[in-house]
Each structure stands twice: as structure tokens, then as C-alpha cells.
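The values are calculated or read from the model by the stated rules, or taken from the named source; none is laboratory data. The shown structure was predicted, so the numbers you read here are calculated from the model rather than taken from an experiment. Heads up, the Cβs are rebuilt from the backbone with ideal geometry, glycines too, and the neighbour counts pull from every protein chain shown.
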Amino acid sequence: MKGPFQAVPVTDKVYWVGAVDWDIRDFHGYATSRGTTYNAYLVMADKPTLIDTVKAPFADEMLARIRSVCDPKSIRYVVSNHSEMDHSGALPQALALIQPEKVLASAMGVKALQAHFHWDVPVQAVKDGETLDLGGERLTFMETRMVHWPDSMFSYLQGAGVLFSNDGFGMHLASARRFDDETPERFVEAAKYYANILLPFSDIVLALLDKVAKSGLPLKLIAPDHGPVWRREPERIVSLWAEWARQKPRNKAVVVFDTMWGSTDKLGRAAAEGLVQAGVETLVMPLRGNHRSDVATELLEAGAILVGSPTINKQLFPTVADLLSYLKGLRRKNLTGAAFGSYGWGGESIKLAQDALTEMGVATVEPVKCQYVPDAAALDAAHALGQKVAAKLKEALR
Ligand code: FEO
């Protein structure tokens, strides 16, 4: 059927029927400054099969793209690889129209969908390694718990070698382009996505990548639910994920702080000079101009973090507390670092920041604090802090 919303062929049997969200700027705390896509895929076998859906407001758009290929009512199977609502939000509307023979999800997915929609739709649980005959095509399921939620799974189209990887190998990037070779921003955005979504599950990611490699399944195409389809370099994104998951430290430091009257800013700049002069690639990220998710992204390929906070009412500065809470959840391993900051009377924030770093597993050196405005001695101490962190980082890199 003709209309503005057309499906995009991915292979001769697989079509992209998703939606582009040009507007979204926050994805559970992650700044999606370039929007995102919700990718759904239609497999045109004898039993047409829909893999995943889109966020609820885009249901009509997805159904229109499906109509450009087939009557939605001819779809026989609907597979839900993940219950998070960016992929399942349009399911109720889609199922009401399609009336498929089967809706399939992982065992955890069956429970998660029920907990989201409180419906009476029967969803069939599929096992890890189970294969579904679509009539002329075969779809094999692979449990991928915690990539990104406990219910997550991949689906693999035999023959064509297409891995429908849901959140795996995705990125938040709104674009009219559907493929990796058309997308120059692909690695930058994929790194940001990994750093902000998958990093806490890196050990599981490594085990999963090992399992995929041992399966011997040829990955001709990787079709994630966000961002472009990897058709030119599917192996490259797999190897980048392995590298990011290993979290090896690099010779790079991120100096991040907020400031009340400019004193913590001065300390941060002096510490950064100490790092630079010790030969460490250094990035200064004042929180007035940098979002928490960009700090997390820079840390993905770093080895050190210095965190500065003034004290306010015996606490961390609010933006620094926000950052530390976020980073603690992401559980980046193998970092070196320290806290610093200025204060008026109590100086509690410096200890709070240092304690937070220790709790995150950062190998720290003694923090530096300064009352009110730093004098030359305080700036020297901050400079020395940078050099001490640099020296500790060099040890970690040996
Ligand atoms: Fe794209 Fe975990 O949802």
C-alpha cells in the first residue's frame, strides 16, 4: 500500500518497519542529544513474523510501514525480544489488529509483559536455543539476560544470517539512514550507548559474546532495535563491544567538577595541568556544560577520574551528587582517581566524593581540599594531585 511511511528492505525477506524519534532528548537519564530509533522488523516467510514493535506513540507509523509490505492481519507470529516499553509499547495496539497465532517471548519476557500490560494475551515462552519454523525460514532464540533486562533475548534468522539483537549493538541516533555504512557517527554513538546502558553488565556481555562466537552462527547482518543495521561491519561492533566490556584502563583522565564561586574550578584546572604535564590525555568536564551521560561516555575509554565538589550544607554540590550516583550505577571498573574541592567551614563534600569513588572501586590517592579561595600553595597541591593520579595510573597501565 502506498503512503508516506514505507518499509525499508534489509534483505529480500526482512524489512525494517520501525520509527524514528527525532524529538527524544532523555532516555532514563541518558541525554539522547541526537534522538533515537525504535526498530521493528518484518520477516516475510510463509508465516509472516513481526520482531519487536516500537514505543506506543509510534504504533500507527509502524503499522503503516507494515502495510507497505503486507496486510498486518497476515502476520502469524509476533516475537517480543524485550519488554521495555520502547519495544513493547505498541504491542497492545498491534496485537489487537494482527490477532496472531502466537506471541513469543523468553520465559522472563512472558512475566515482564504480563507485569507491564496486565492483559489476558497468551504469550508462549521460548527456550534458549529453540527454533521456530516460520515456513521457509527458521528463527532461533537466544536468551541474553541483562542485555539489557532479565527478559532480553536475541532472535537469529537462519540462512540469511540476521541477528535481531534488540538492545545489543544499538545506539541512540535518529537518522533517515538505516545502515552502518551510511552512518558516520556510528562508533561514537555506539560507544555512548554502551557506556550508559550496557556497562554495568559487562561481565555478562563478555560471556554472551563468547557464547555467540562458540555457536559458530555466521553473523551476516546485525539488526538492533536502535540505530543502524550493521551490514558492512557486523564483526567490528562485536569486537568493539568486547573491548568496552573488558574495561581496560587507558592513558586518559577525566576531570569533572562543579563550582560555587570558582574555587573548585581553579583546583580542577590546576589538577588537569598536573595530569597533562605527566603525559596523560586529559579532558576537563565542568558539569555546568557537560551532561552526566557524556562524562560516562568519556570514562569508557579512560583510566582516571578526578571529581571536584564544593561543600553546600554539609553535602556534595547537587550536580556532583547526581553524577556520582549515576556513575556508581554504571560500575566502571579499573579506574584511578581522587576527589578535590573548596569549602567554607565544614568541607564534608570532599570526603563524600572520595568515599563515593572508593565505593565505586576507584583506586584513589589522598584528596585535596582548600578553604575558600585557593592561594598558590593550594593550586600547587591540586597540581600535585594531578601528578599523583598520573603516577598511579601509569602503574595501573604497566
Ligand atoms: Fe531499548 Fe532496554 O530497551
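Table: residues versus (1) free of Cβ contacts under 8 Å to residues at least 40 places away in the same chain; (2) not β-branched (Val, Ile, Thr).
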position: ALA105; (1), (2): no, yes
position: PHE117; (1), (2): yes, yes
position: VAL123; (1), (2): no, no
position: GLY129; (1), (2): yes, yes
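From the list GLU235, GLU189, the one residue that fits, being over 30 Å from LEU323 (Cα atoms) and charged (D, E, K, R), is GLU235.
Scanning region 284-329 for residues that are in contact with a helix residue (DSSP H, G or I) (Cβ under 8 Å, 6 or more places away or on another chain), assigned to a helix (DSSP H, G or I) and hydroxyl-bearing (Ser, Thr, Tyr) returns SER293, THR297, TYR326. Quick check on ALA321: is it closer than 24 Å to ALA396 by Cα, assigned by TED's automatic domain parsing to the domain that holds VAL280 and of a type in the set (Gly, Ala, Ser)? So ALA321 does not fit the description; no. In this structure, does GLY227 turn out to be within 26 Å of ALA174 (Cβ to Cβ) and either assigned by TED's automatic domain parsing to the domain that holds GLY341 or free of Cβ contacts under 8 Å to residues at least 40 places away in the same chain (or both)? Considered against the rule, which asks whether it is within 26 Å of ALA174 (Cβ to Cβ) and either assigned by TED's automatic domain parsing to the domain that holds GLY341 or free of Cβ contacts under 8 Å to residues at least 40 places away in the same chain (or both), GLY227 comes out as no.
Of the residues making up region 71-92, those that are more than 16 Å from the ligand (Cβ to nearest atom) and hydroxyl-bearing (Ser, Thr, Tyr) are SER74, TYR77. Of the residues making up region 121-135, none is in a strand (DSSP E or B), within 30 Å of ALA191 (Cα to Cα), in the same structural domain as TRP230 (by TED's automatic domain parsing) and modelled with pLDDT of 95 or more. Within the set LEU134, LEU95, LEU113, the sole residue that is aliphatic (A, V, I, L, M) and either closer than 17 Å to ALA19 by Cβ or within 16 Å of the ligand (Cβ to nearest atom) (or both) turns out to be LEU113. The sole residue among ILE197, ILE222 that is in contact with a Pro (Cβ under 8 Å, 6 or more places away or on another chain), closer than 16 Å to TYR38 by Cα and either in a loop (DSSP other than H, G, I, E, B) or assigned by TED's automatic domain parsing to the domain that holds TRP149 (or both) is ILE222.
What's the total number of residues in region 368-380 that are surrounded by fewer than 21 Cβ atoms within 10 Å (Cβ to Cβ) and not charged (D, E, K, R)? Matching residues across region 368-380 total 6. Name the single residue that is surrounded by the most Cβ atoms within 10 Å (Cβ to Cβ) among those in region 221-277 being among the polar types (S, T, N, Q) and under 25 Å from LEU206 (Cβ atoms). Ranking the qualifying residues of region 221-277, first place goes to GLN247. Tallying residues that are buried (at least 24 other Cβ atoms within 10 Å of the Cβ) and in a helix (DSSP H, G or I) within region 52-63 yields 1. Note on region 3-51: enclosed strands (runs of 3 or more DSSP E) holding 1 or more residues that are within 16 Å of the ligand (Cβ to nearest atom), crowded, with 18+ Cβ neighbours inside 10 Å and within 18 Å of the chain's Cα centre (by Cα) are 19-21, 36-38.
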